[in-house]
Structure formats: C-alpha cells, structure tokens
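Below: one structure, written as structure tokens.
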There are 2 protein chains.
Amino acid sequence: MDEVPGLRSAQRRGLAEEAADRIREAIFDGAFPPGAPLREVELAAALRVSRGSVREGLTRLDREGLVESEWHRGCRVRTLSAADADELHTLRAALDELAMRTAAARATEADLAGLGDLVAGLERARDLDAPTADLIALDMRFHDGVYRVTGHRRLGEAWAAIRSQIYLFLLIRTRGAEDYRDLVVEEHRDLVEALRSGDQDRAARLGTEHVHGGYRRLLDGLGADVD
Amino acid sequence: MDEVPGLRSAQRRGLAEEAADRIREAIFDGAFPPGAPLREVELAAALRVSRGSVREGLTRLDREGLVESEWHRGCRVRTLSAADADELHTLRAALDELAMRTAAARATEADLAGLGDLVAGLERARDLDAPTADLIALDMRFHDGVYRVTGHRRLGEAWAAIRSQIYLFLLIRTRGAEDYRDLVVEEHRDLVEALRSGDQDRAARLGTEHVHGGYRRLLDGLGADVD
DNA sequence: GATTGTCCGAATGTTGACAATAGAGGTCCG
DNA sequence: CGGACCTCTATTGTCAACATTCGGACAATC
C-alpha cells in the first residue's frame with residue numbers, strides 16, 4: 001500500500017455526479033426557488049445528458065436533502081419551514097458537538113494550521129467587504145474542515161446529509177443579520193483555539209454554543225415571521 | 001414477460017424499493033457475506049427486474065451504508081472493521097442523546113404506552129428463550145419507536161443511515177455476549193421510565209449510556225480480537 | 001528479471017424507446 | 001348548476017441495447 005505524499009487519487013466522476021453538481025449550483029444561484037419542480041426531461045435537455053443520468057443525480061440531491069421526490073410526482077426543491085430550520089439546527093448541534101470533541105482529540109498541528117488559514121481568509125474577506133454569501137461559503141468550508149479532521153467517515157456523511165440544506169437556509173435568511181459579519185471571525189477563531197487546547201469537553205460545548213447561538217441570532221434578527 | 005407464480009407483486013411501491021428490500025433481506029440472512037460483490041446483472045436476473053431498478057435499489061442500500069460502491073467497480077457488502085464499529089457507536093450515541101432528549105419533551109401517553117408494550121414483548125421473548133436475533137430485532141424496533149416519537153424527520157433519516165449497519169453489526173457479533181439477554185429488558189425499561197419522567201437531561205444521559213455501555217460490553221465479551 | 005504496453009473478457013455507465021401513472025380539464029347526468 | 005366520471009396529456013417509472021471502463025494475462029523491451 002504505497003502512498004505518494006502529495007498526490008490524491010484522481011477519482012473518475014460519472015455524468016450523474018456532474019449533473020448533481022450543476023443542478024445544485026443552479027439551486028444555490030436561485031434559478032430554482034424552493035418548491036420549484038425539477039423536471040427530468042427539461043434538465044436532461046439543458047445539460048445535454050440522458051434522463052437516466054439526471055435521475056441518478058437527483059437521487060443524490062435527495063440524499064443531501066436539497067430536493068424531495070414522491071412516487072410518480074417527481075422532484076421539487078425542498079422548502080424550508082420554521083420547523084425545518086429547527087430540525088436542521090438541533091441536529092447540526094448534536095453532530096457538531098461530536099465533531100468538535102473528536103477533532104480536539106485528533107487534530108494535528110497541520111490540521112490546526114489549515115483551519116487557522118481558513119479563519120484568516122474569512123477575516124480578510126470580511127475586511128474587504130466581500131458579499132455575505134462569500135463569508136457563508138467560507139464558514140461552511142471551515143466546518144467541512146473540522147469534520148474532515150475528525151477522520152470520522154459516517155459523521156462526515158451525516159453532516160453531508162444536512163450541509164446543503166443549512167447552506168441554502170443561510171443564503172436565504174441572512175440578509176437581516178448584520179451582526180453575522182462581526183461575530184463570524186471571532187467565533188471561529190475561538191473554535192480553533194478550543195481545538196488547539198485539546199480540551200474535548202470545552203471544544204464540544206463551544207461547538208454546540210456556536211450553532212445554537214447563530215440560530216438564535218438569526219431568529220431574533222428576522223422576528224418570528226418565518227413562513 | 002414470463003409469469004412466475006409467487007414473484008409478481010412489485011408494482012405499487014416502485015420496483016426499486018422492492019429490490020432494495022429483497023437484497024437487504026438477503027444480506028441479513030447471510031446470503032451475501034461482508035465483502036461479497038453484488039453484481040447488477042445477477043441480481044436483476046434473480047429478481048426478474050431490469051438492471052436499472054436493481055441499480056436504483058443498490059443506491060438506496062448505499063445510502064443506508066449497507067453496501068459501498070465505487071465507480072465502474074460495482075457494489076460490495078460493506079465490511080465492518082473495529083474502526084467502523086467505533087464510528088457507528090459514537091455517532092449513534094450522539095443521535096440517541098438528541099433523540100431521547102426530544103422524545104422526553106414530546107412523548108404523549110399513547111407513545112409511552114406503545115414503547116412500554118415493545119419492552120413487554122422483549123421480556124416475553126427473552127423468557128421464552130427466543131433466539132437472540134429476535135431480541136435484537138425487537139431492540140431495534142424499540143429505538144425506531146423512540147426516533148418516531150421525536151417527530152424529528154432529519155434525525156430519523158440520520159438514524160436510518162446507520163440503522164442497518166448497527167443491526168448487521170449486532171447480528172454478527174453478539175454470539176459471545178450472553179449478558180445481553182439479561183440487561184436488554186432492564187435497560188429499555190429504564191429508558192421508558194426516563195421518557196415518562198419528562199426529565200430531558202436524564203433521558204439524554206441515559207440514552208448515551210445505553211449505547212456506550214452496550215458497546216463496551218460487546219468489546220469486553222469478544223476480547224480485542226476484532227479484525 | 002522487472003517494467004511497460006497491449007489485448008480481452010466482464011462488469012458497470014449511459015442512452016433512447018416504451019409503459020404506467022397522476023392530475024387537469026371537459027363531458028354527461030342528476 | 002354541481003359532482004362524478006372519463007379522456008387526455010404531461011411526466012415519471014421501467015426496460016433492453018450500446019458505450020465505456022476496469023483488471024488481469026500475455027508479450028515486448030530494456
């Protein structure tokens with residue numbers, strides 16, 4: 001089992017994954033608002049791919065929770081109600097707690113440096129007045145990094161199953177929350193610090209607080225007028 | 001189309017789900033041991049279904065973590081190493097903690113009665129010297145019930161993503177653990193009691209202890225000779 | 001003798017045609 | 001005029017054939 005240091009295996013990607021990526025992108029860009037139907041023939045024609053590939057790509061998005069499909073009634077972009085938001089954040093808090101605890105135990109110096117770089121990039125983006133969407137993307141990449149550091153494959157899969165939904169949720173509902181820009185850097189710096197300390201309990205606690213706090217601020221900023 | 005007497009009832013629910021169910025059953029029955037390849041043509045011929053349907057069914061099993069598939073290399077039954085067992089139980093503990101906490105807050109009297117009935121059935125089965133596999137099946141149904149009581153759709157999906165793997169793991173590695181039969185009834189009765197009390201913290205704590213305790217006993221009973 | 005290039009059988013990835021279904025809108029009857 | 005029924009169409013579910021890729025066996029080369 002020889003591994004070459006700086007070389008990751010080039011993984012072949014089928015058309016299904018490619019299609020899933022394109023459709024996901026389109027949803028994030030707002031081309032398909034929540035509730036919009038995703039018709040297989042239409043997508044197949046647009047992507048120059050057969051319906052089978054589109055179909056398989058859609059099941060991947062279904063696994064990510066981005067779309068929902070019913071028998072013989074096709075696929076629609078999932079709508080996110082207030083109850084859905086609550087589900088997403090309670091579940092994410094539980095996952096993040098385990099992720100931060102595990103990461104605190106297993107993070108190497110290189111891992112910590114990588115996460116630190118991400119936070120630095122986040123700070124730079126904020127100071128340069130980058131659009132909030134960019135900050136959110138970096139935020140997500142940071143947490144992806146934490147899950148990767150855990151080396152916990154199934155935990156990563158559980159995160160992947162809600163990741164896109166949380167991303168979409170943040171993109172849609174972050175307009176009113178201006179304090180997000182101020183707090184995002186500081187909070188993530190604290191997370192890295194907790195990981196560096198190796199204190200698993202502290203890291204776990206900070207992880208859940210980070211999620212719950214962000215959720216609470218979001219709700220406060222928007223009022224209770226969630227549909 | 002050739003008609004086979006007892007094999008022609010796969011219409012209303014979609015052939016893909018039907019195929020997934022059959023294959024899952026076969027895996028649990030030991031027809032496909034861990035690591036065994038699942039060839040699409042072979043399965044399609046056996047189930048009298050096209051390869052497309054088998055293919056879609058296999059992706060469902062992949063979502064459940066029962067099989068793993070690589071590009072152009074097909075599907076195999078997932079093998080469960082010691083590291084996998086650790087992943088499964090740490091993740092399950094995190095999910096169960098949230099599930100017990102939520103269930104403690106939302107369980108109605110009818111819910112509690114239903115769970116109580118399941119425990120009673122478990123006790124009956126144990127006293128009747130039912131095979132351990134039956135006890136395990138009832139054990140799983142109990143926890144399914146807890147997740148259902150939470151009303152937390154995404155939490156239930158996260159559980160579904162590891163449920164089959166845990167089931168398979170228990171089926172394979174429970175031979176040596178005789179104390180399982182003794183403790184299983186008592187522990188689940190305690191869980192119901194905690195839910196009835198409505199004390200969320202206590203329920204959550206008991207939930208994680210239940211998982212971790214069971215895992216520890218399993219490891220002790222088997223020694224460290226896990227492959 | 002080890003490495004590299006090439007071929008071959010087998011299995012999967014992809015495709016377009018065909019069948020089944022849900023939902024809409026019209027029609028008939030009370 | 002309203003409701004049950006029926007047809008019709010758009011859309012998804014299923015299928016069998018075609019294209020691509022993998023892994024190993026064998027031969028050529030240094």
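The values are calculated or read from the model by the stated rules, or taken from the named source; none is laboratory data. From a predicted model like this one, the values you see are computed outputs, not experimental measurements. Glycine gets a Cβ as well: all are built from the backbone with ideal geometry, and neighbour counts include every protein chain shown. Ligands, DNA and RNA are stripped out before the accessible areas are found, and what is left, the full protein with its side chains, is counted by its heavy atoms. Shrake-Rupley method; radii C 1.70, N 1.55, O 1.52, S 1.80 Å.
Miscellaneous remarks
- Residues in region B:29-46 that are among the hydrophobic types (A, V, I, L, M, F, W, C) and either at pLDDT below 90 or open to solvent by 60 Å² or more (accessible area, probe 1.4 Å) (or both): B:A31, B:V41, B:A45, B:A46.
- Boolean, B:T59 is β-branched (V, I, T) and within 16 Å of DNA strand D (Cβ to nearest atom): yes
- A:R55 vs. criteria over 23 Å from B:R92 (Cβ atoms) and either in the same structural domain as A:I23 (by TED's automatic domain parsing) or touching a residue at least 40 places away in the same chain (Cβ under 8 Å) (or both): yes
- Qualifying residue in region A:43-52 (condition: within 23 Å of A:I172 (Cα to Cα) and of a type in the set (A, V, I, L, M)): no
- Helices (runs of 4 or more DSSP H) fully within region B:117-206 counting 1 or more residues that are open to solvent by 60 Å² or more (accessible area, probe 1.4 Å), basic (K, R) and within 14 Å of chain A (Cβ to nearest Cβ): B:153-173
Residues are listed down the side, and each one gets a yes or a no for (1) assigned by TED's automatic domain parsing to the domain that holds A:A103; (2) at pLDDT below 95; (3) in contact with an Asp or Glu (Cβ under 9 Å, 6 or more places away or on another chain):
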residue: A:L135; (1), (2), (3): yes, yes, no
residue: A:H152; (1), (2), (3): yes, no, yes
residue: A:L155; (1), (2), (3): yes, no, yes
residue: A:W159; (1), (2), (3): yes, no, yes
residue: A:T174; (1), (2), (3): yes, yes, no
residue: A:L191; (1), (2), (3): yes, no, no
residue: A:R205; (1), (2), (3): yes, no, yes
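- Looking at B:Q165, B:Q200, just one residue is under 29 Å from B:T59 (Cα atoms) and polar (S, T, N, Q), and that residue is B:Q165.
- Subset of region A:62-93 (residues that are part of a helix (DSSP H, G or I) and either small (G, A, S) or within 13 Å of DNA strand D (Cβ to nearest atom) (or both)): A:D62, A:A82, A:A83, A:A85, A:A93
- If the condition is being within 9 Å of DNA strand C (Cβ to nearest atom) and at the interface with chain B (Cβ under 9 Å from one of its Cβ atoms), then region A:58-83 contributes A:W71, A:H72.
- The requirement of being away from chain A (no Cβ under 14 Å), crowded, with 21+ Cβ neighbours inside 10 Å and hydrophobic (A, V, I, L, M, F, W, C) is fulfilled nowhere in region B:89-98; no residue meets it.
- Boolean, B:R148 is within 16 Å of DNA strand C (Cβ to nearest atom) and either farther than 24 Å from B:D29 by Cα or in contact (Cβ under 8 Å) with a residue 60 or more places away in the chain (or both): no
- Checking each residue in region A:101-110 for being part of a helix (DSSP H, G or I), buried (at least 19 other Cβ atoms within 10 Å of the Cβ) and away from chain B (no Cβ under 11 Å) picks out A:A103, A:A104.
- Candidate set: region B:39-57, residues that are of a type in the set (V, I, T) and part of a helix (DSSP H, G or I); chosen: the one farthest from the other protein chains (Cβ to nearest Cβ): B:V41
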